[in-house]
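Novice: Structure in structure tokens, see below.
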Amino acid sequence: MKKLLSILLAVPLLLPSCAKADINDRIILGSSTELTGDFRFPGYGGASAGAADQDIAALTTGYAVMETDPSGEYVWNQTVVKTHTEEEIPQSDGSVNYRITIELNEGLTFSDGTPVTADNYLAYLLAFSTPVARSAGATGMAGQAYAGYADFFNYAGDGVKMDPDAPASREFTGLRRLSESSFSLEVDGAAGYYPYFYTASYAAVTPYDLGLLLGEGVTVRDDGNGCYLDGAWYESSSSGSSEALLFKKAEHMKKARYDTMTYPYSGPYTIVSWDEGTREAVLKKNDAFLGNFEGQKPTIQTVVCTRIVAETQFDQLTSGAVDILSGITGGDETKAALRLVGKGFRENHYLRAGYGKIQFDCDFGPTLFPEVRQAAATLLDRSAFAAAFTGGYGKVVNGPYSEESWMYHAAGEDFEKSLNRYDYSVSGAKQLLEQGGWVYNSRGEAYEEGQNGIDRVRYKKVTREELESLTTEEGTEATLSYRSVSNTDNIVYRTVEIDSAYYIPLVLNWFSTESNAVSDLLSSMLMNGAGTAACGMVIRQSAGDFNAMLGELRRDPSYGYSGTMTYNMYNLATGFTSPVYDYSFQWSHDPAYSGFSAVRLYDPYDRIFSYFAEDGTHERLSYEEAVRRSDGKLGMDYLSMAMVYDADTEEEYVRWWTAYIRRWNELLPEIPLYCNYYYDVYNEKIRDYRTSPYWGAAEAILYCRG
Amino acid sequence: MGKYLLRRVGYMLLVLVLLSFLMYLIYSMIPFDRARALAEEQRAAYKNDPAGFEAAYQNYRHQLGLDRSVVFRYLRWIGLVPVDGVYDGLLQGSLGWSFRYSRPAAEVLAQPLRNTVFLNLFSTVLSLGITIPLGIFCAVHRGSRRDTAVQIGTVVGYSVPGFIAAILFICLFAVILPVFPVSGMKTPGSSYTGLRKFFDELYYMALPILVMTFSSLGGMTRYVRAAMTEALTMDCVRTARAKGLRERAVIYSHAWRNALIPVITLVIGWFLRLFSGSLMIENIFALNGMGKLYITCLNANDYEVVLLLQMFYVTLALLGNLLIDIAYGLADPRVRADRPERR
């Protein structure tokens, strides 16, 4: 028995661990996010796609017509595009379409040597704009921005329509195959996709292997009226109602999505092995890859993507189990990472495009009023908060922007100075509250500081009519019946009615997630802060799980929302790493869009000067003209719409963007708490490894050298 | 015996059906809306089309059966109610869908189950191989210095939580003495096959196996020792000794057989645990096992996978109870179901 045990233990010890390969040959990329094998079309483009899967997709997919640079700006890919022309196409209904014609360079091939042609770009847009793709689990909306999409999507085979009452077309009129190496995309003006500042991004299409997309027996064709998929694409194993259609090609799409070996790749790397058991992927350099938009080709031969454990990640790095750790943040973790620098490892860091925040519901209760939100910001020492939470490796920002973004750079040095920093000041908070009319007690008398019980908080006097002018009917009713919850001191603060006027208590109902370090800090620095009490403000904390918070944020009964608007303050985090900075329709006063707004802020300026004037005369104005006609009072809805729908040049966009951020900073629907630095630590043998909020590990690996 | 088994299987099926409904009901009550989650993923595509977004949401609700009662959804999940004319539930072999991994739940389970069995098999065999002889030894030498030393050691081992032991072992055997890898399941980038692959996996599993073995030594050793101590005081043992049997025969043929009955419950339980993952160990060592999968799916609200996992464990538990009862009968004729009654 003893001998057996000894052998069992000795055998693994005697096994030589894999000899360390030279960095030029191989690097091991560690990720705390699990790989799932969804590398071809991660999450079908949905918001839930895993970060590690997306990294592999980015490493294996290339030759997009447009790519993003490190500052998140779209640029034409000169390696791919020989020529491109853009033209406006007036339509009979008065709208204008925008046609982008692209001619491809010669010599582009997939990893197996198959030439990259116009078909490879068009096939993706076609396949993923059909009910077949929807049947496979995708949205079927890949081509929604192009002319003729609705009719094309409605076509489900000869004589079969998804919606029997709507027109259907086999041909996608907005997509044209002009030759083997050229094609055009016509952006739909009538559907609202042109004019649009990011219209060019609709040309950011990527080629995929036809076998991967379409399977056997289907080709891309164009008889002069638009592209279509012929052959077996719409074959179905059932007939009759469109709901019961079982498309045979949907099964192909589902299988091909996870097939890492059969079909070639267009990117700098190809997947040579995917081990589902250990969740590890091995990528080899694609020698057929001609480069990204700058002509950059990879030099590292092999990339191994594997999972790391946060608790032992530095041990994994120092033992050589991984070569790169990305996105390290937090005080202790960052310090541990920096301790390795100079001892065989280098670091790279950038300021995150996003922040941890307090988010308000701005349509009811005290947070309906900007002075309350501003006072709350002033009562929190955000610099101290950020330093405490990030361990000194973070900073405070004053609006929803990334300091690495091209807009921020273009806005100039004075932009940051023009924003209110809401520095910690109890007297400043008091002043704000007094200016906002928070000068009463619960009996409608003048508020006096230093009182106890129900009189320790300030009240604001309003009338129903005033509320109705500020918020929705639902928001008005919720404010009139507003009351504090989670009352640990048995005092319930509520809106009181005195002589047909209403007095709203300065009590914020805060919903936080459980076991959250940010919540703990907020509790001590804001909720229980001396300044908060001194100002006559009370914050009541309720804790729950994330789903419960989503229910309250979205007011969604299926997530447990009770139907009563209760909470008006939350703490969570947000990011804006998308190159498309577009917040249009999120500040709309139209109740139909209420679910589209995270904070439900209805800017009063938009009531006075709305973007959606009935005669349409408020649209397509220059910034100066809009400022003049609105008397300098442009609201959030107007600015967010004009920023993307009225700006034609970068200069104009930046003007709108700057005004949008300033107005946001003024109304403060959120309080940015901390913006942390993300650190990458990597083996010092790796050189030129550079990341940014818009360029992750995949882009950095393309440039790095051993 | 046949009738007894049939009756037990009948009860098992009944319990299985009842529990499956209860579990389905509980997960249906969790405030989470899969249809909403799916629709929210496409929010950006409907940025200027709230009606389209609502239609997409309602479409998902219909697809998932969320516009019908929970009983309807349960019957659909079981496979007793058709969806668009097709029966596609557990009874038809469709074990659910993982929204987290976008593939059938059964496929999602396959690899983690293999990894967990691989890990647990070694640790269980190693643990039993150490604890049973050690427990017997301690019982036979009760009160000796060696027994006392083992008792102290087992109390310490029993008291140290698994995750602390894991961290300590990593620190000792992977950082200070870099004998084993810190975590992972195979040499990064390797594509070994056959025996090389087996030993490579064993090398990476060695540390978690050692931790799991260490953590389970205390309890089982003490349990075997207690059972054996009691058995050694029985009359039959005294009689066997009085008859002049060799001590080895007394211990292993008489005492151990009597001590086996309580131990059997634990040993069979251990083997049933071959299929259950260890959340802590799998997370700390980055192992793709059942425990890791379970918590990942719970966090991702991937309840069809969680339900399948729990149904699997419920079935295992029911089968395990049956096995234990049969094993009792084998170990001790007095408790056999088909034992002729004395008149």
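Values quoted throughout were computed directly from the atomic coordinates according to the rules given, and no laboratory measurement underlies them. Everything quoted here is computed from the prediction, not taken from an experiment. Cβ atoms come from the backbone with ideal geometry, glycine included; neighbour counts cover every protein chain shown.
Novice: Let me know the shape class of chain A, please: from the alpha-carbon gyration tensor, a ≥ b ≥ c as square roots of the eigenvalues, rounded when a/c is under 1.5, otherwise prolate if a/b is greater than b/c, or oblate.
Specialist: It is oblate, given that a/c is not under 1.5 and a/b is not larger than b/c.
Novice: While we're looking at this one, here's another question. Which whole number gives the average count of other chain Cβ atoms within 10 Å of the Cβ atoms across peptide A:276-286?
Specialist: If you average over the peptide's residues, the count of other-chain Cβ atoms is 5.
Novice: Could you give the dipole magnitude of region A:62-257 about its Cα centre, charging the beta-carbon of Lys and Arg +1 and that of Asp and Glu -1, in debye to the nearest 20? Intermediate results must be reported in sequence, preceding the final value.
Specialist: Numbers: 13 positive and 27 negative charges, 110 e Å.
Using Cβ point charges on Lys, Arg, Asp and Glu, region A:62-257 gives about 520 debye.
Novice: Tell me, what is the FRET efficiency for residue B:331 and residue B:125 to the nearest 0.05, using R0 = 30 angstrom and their Cβ-Cβ distance as r?
Specialist: Numbers: r = 20 Å, r/R0 = 0.67.
Working from the Cβ atoms, E equals 0.90.
Novice: In Å, what is the Rg of the alpha-carbon atoms in region B:180-257, and how long is Dmax?
Specialist: 21.8, 65
Novice: Starting from the amide H of residue A:32, placed 1.01 Å from N in the peptide plane, find each other amide H under 5 Å away whose residue is 5 or more places distant or on another chain.
Specialist: Answer set, sorted by chain and number: A:308.
Novice: Which part of region B:173-189 falls in the paramagnetic zone of residue A:273, meaning amide N under 13 Å from the point 7 Å along Cα-to-beta-carbon?
Specialist: Answer for region B:173-189: B:185-189.
Novice: Rounded to the nearest 0.05, what FRET efficiency do residue A:545 and residue A:109 give with R0 = 45 Å and r taken as the Cβ-Cβ distance? Could you check?
Specialist: So the FRET efficiency works out to roughly 0.35.
Novice: Shielding by partners for B:46-59, please: the mean number of other protein chain Cβ atoms within 10 Å of each residue's Cβ.
Specialist: Partner Cβ neighbours, averaged per residue: 4.
Novice: Using 0.36 nm per residue, how much length does the chain from residue A:477 to residue A:633 gain when fully extended, once their Cα-Cα distance is taken away? Before the final figure, lay out each step's value.
Specialist: Numbers: separation 156, 0.36 × 156 = 56.16 nm, distance 2.79 nm.
In short, 53.4 nm is gained.
Novice: Also, quick follow-up: Tell me the label-point distance for the pair residue A:466, residue A:93, using the 7 Å Cα-to-Cβ offset, in nm and rounded to one decimal.
Specialist: Inter-label distance under the simple model: 4.5 nm.
Novice: Calculated from DSSP H runs of 4 or more alone, at -39500 (n - 2.57) each and per residue, what is the 222 nm mean residue ellipticity of the protein assembly as shown, nearest 500?
Specialist: For the protein assembly as shown, the value works out to -12500 deg cm²/dmol.
Novice: Per residue of region A:464-474, in order, report the coupling 6.51 cos²θ - 1.76 cosθ + 1.60 (Karplus, θ = phi - 60°) as ³J(HN,Hα) in whole Hz, putting x for Gly and Pro.
Specialist: Along region A:464-474, the couplings run 4, 4, 4, 5, 4, 7, 9, 9, 7, 4, 5 Hz.
Novice: Which whole-number percent gives the relative contact order of region A:96-249, counting Cα pairs below 8 Å spaced six or more residues apart?
Specialist: 28 percent
Novice: In debye, nearest 20: dipole of region A:222-345 around its Cα centre with unit charges on the Cβ of K, R (+) and D, E (-)?
Specialist: Using Cβ point charges on Lys, Arg, Asp and Glu, region A:222-345 gives about 400 debye.
Novice: Given a Förster distance of 51 Å, report the FRET efficiency between residue B:106 and residue A:489 from their Cβ-Cβ distance, rounded to the nearest 0.05.
Specialist: Once rounded, the FRET efficiency stands at 0.45.
Novice: Per-residue mean of other chain beta-carbon atoms within 10 angstrom of the beta-carbon, peptide B:31-43?
Specialist: Other-chain Cβ atoms within 10 Å of each residue's Cβ, averaged: 6.
Novice: So what's the projected area for region B:23-94, the Cα convex hull averaged over all directions, in nm²?
Specialist: Over every viewing direction, the Cα hull of region B:23-94 projects on average to 5.5 nm².
Novice: May I ask you to compute the full-extension gain from residue B:91 to residue B:11, defined as 0.36 nm times their residue separation minus their alpha-carbon distance, rounded to one decimal in nm?
Specialist: Residue separation times 0.36 nm, minus the Cα-Cα distance, leaves 26.9 nm.
Novice: Then there is this: With label points built 7 Å along Cα→Cβ from the Cα atoms of residue B:252 and residue B:315, find their separation and express it in nm.
Specialist: Rounded to a tenth, the inter-label distance reads 3.9 nm.
Novice: At what distance in nm do the modelled label points of residue B:18 and residue B:179 sit from each other, each positioned 7 Å from its Cα along Cα→Cβ?
Specialist: Reported label-point gap for residue B:18 and residue B:179 is 5.1 nm.
Novice: What whole number of Å gives the distance from the Cα centroid of region A:43-105 to the Cα centroid of region B:1-51?
Specialist: Region B:1-51 and region A:43-105 have Cα centres separated by 41 Å.
Novice: What GluC sites (Glu not before Pro) in region A:466-541 are in a loop by DSSP, with at most 12 other Cβ atoms within 10 Å of the Cβ?
Specialist: Listed in order of number, the matching sites are A:514.
Novice: Using Cα pairs under 8 angstrom and six or more residues apart, how large is the relative contact order of region B:109-335, in percent?
Specialist: Working: 243 pairs, mean separation 66.7, N = 227.
Dividing the mean separation by the residue count of region B:109-335 yields 29 percent.
Novice: With the calculation restricted to Cα positions, what are the radius of gyration and Dmax of region A:62-257 in angstrom?
Specialist: My reading of the Cα-based Rg and Dmax gives 16.6, 51 Å.
Novice: Moving to a separate point now. Could you point to the residue in A:147, A:90, A:237 farthest towards the positive end of region A:62-257's charge dipole, with +1 and -1 charges on the Cβ of Lys/Arg and Asp/Glu respectively?
Specialist: A:237
Novice: Here's something else I'd like to know. Using only C-alpha atoms and all pairs of different ones, pull out the Kirkwood radius for chain B in Å with one decimal.
Specialist: This gives a value of 24.1 Å.
Novice: Let me check I've understood the local charge: for residue A:256, count other residues with C-beta under 15 angstrom from its C-beta, Lys and Arg +1, Asp and Glu -1. What total comes out?
Specialist: +2
Novice: For residue A:296, project a label point 7 Å along Cα to C-beta. Then give me every residue of region A:674-706 with its amide nitrogen under 11 Å of that point.
Specialist: Inside the label zone: A:688-692, A:695-705.
Novice: Note the per residue figure in Å³ for the convex hull of the C-alpha positions in region A:177-241. Don't skip to the answer; put the middle values down first.
Specialist: Values: hull volume 10.3 nm³, N = 65.
Considering the Cα atoms of region A:177-241, their hull volume per residue is 159 Å³.
Novice: How would you classify region B:1-131 from its alpha-carbon gyration tensor, with a ≥ b ≥ c the square roots of the eigenvalues: rounded for a/c under 1.5, else prolate if a/b is greater than b/c, otherwise oblate?
Specialist: In terms of gyration-tensor shape, oblate.
Novice: Would you mind classifying region A:76-168 by shape? Square roots of the alpha carbon gyration tensor eigenvalues, ordered a ≥ b ≥ c; an a/c under 1.5 is rounded, otherwise it is prolate if a/b is larger than b/c and oblate if not.
Specialist: In terms of gyration-tensor shape, oblate.
Novice: What dipole magnitude, in Debye to the nearest 20, does the protein assembly as shown give about its Cα centre under +1 on Lys/Arg Cβ and -1 on Asp/Glu Cβ?
Specialist: On the way: 94 positive and 118 negative charges, 1568 e Å.
Once rounded to the nearest 20, the dipole reads 7540 debye.
Novice: Within 10 Å of each candidate Cβ there may be at most 14 other Cβ atoms; applying that plus a DSSP loop requirement, which trypsin sites (Lys or Arg not before Pro) in region A:131-179 survive?
Specialist: none
Novice: Further question on the same structure: If one computes the Cα centroid of region A:311-388 and of region A:440-503, what distance in Å separates the two points?
Specialist: 36 Å
Novice: Please list, or write none, the lysines whose alpha carbon is within less than 25 Å of the alpha carbon of residue A:685, excluding same-chain residues fewer than 8 places away.
Specialist: Cα-Cα hits under 25 Å: A:20, A:284, A:285, A:297, A:335, A:343, B:186.
Novice: In sequence order, what are the phi-derived ³J(HN,Hα) couplings for region A:482-499 according to the Karplus relation 6.51 cos²θ - 1.76 cosθ + 1.60 with θ = phi - 60°, rounded to whole Hz, with x for glycine and proline?
Specialist: Karplus-based 3J(HN,Hα) across region A:482-499 equals 5, 8, 7, 10, 6, 8, 6, 9, 6, 9, 9, 8, 8, 5, 10, 9, 10, 6 Hz.
Novice: Picking from B:242, B:317, B:37, which is most flexible by a Gaussian network model of chain B using Cα springs under 10 Å?
Specialist: Maximum fluctuation in the GNM of chain B, among the listed residues, is at B:242.
Novice: I would also like to ask the following. At a 10 angstrom cut-off on C-beta neighbours, averaged per residue, how do the peptides A:216-223, A:325-332 rank from highest to lowest?
Specialist: Per-residue Cβ counts within 10 Å, averaged per peptide and sorted highest first, yield A:325-332, A:216-223.
Novice: While we're looking at this one, here's another question. Toward the positive end of the charge dipole of the protein assembly as shown, about the Cα centre and with charges on Cβ (Lys, Arg +1; Asp, Glu -1), which of A:302, B:226, A:42 goes farthest?
Specialist: B:226
Novice: With unit charges on the beta carbon (Lys/Arg positive, Asp/Glu negative), name the residue among B:72, B:261, B:56 whose Cα is farthest towards the positive pole of the charge dipole of chain B.
Specialist: B:261
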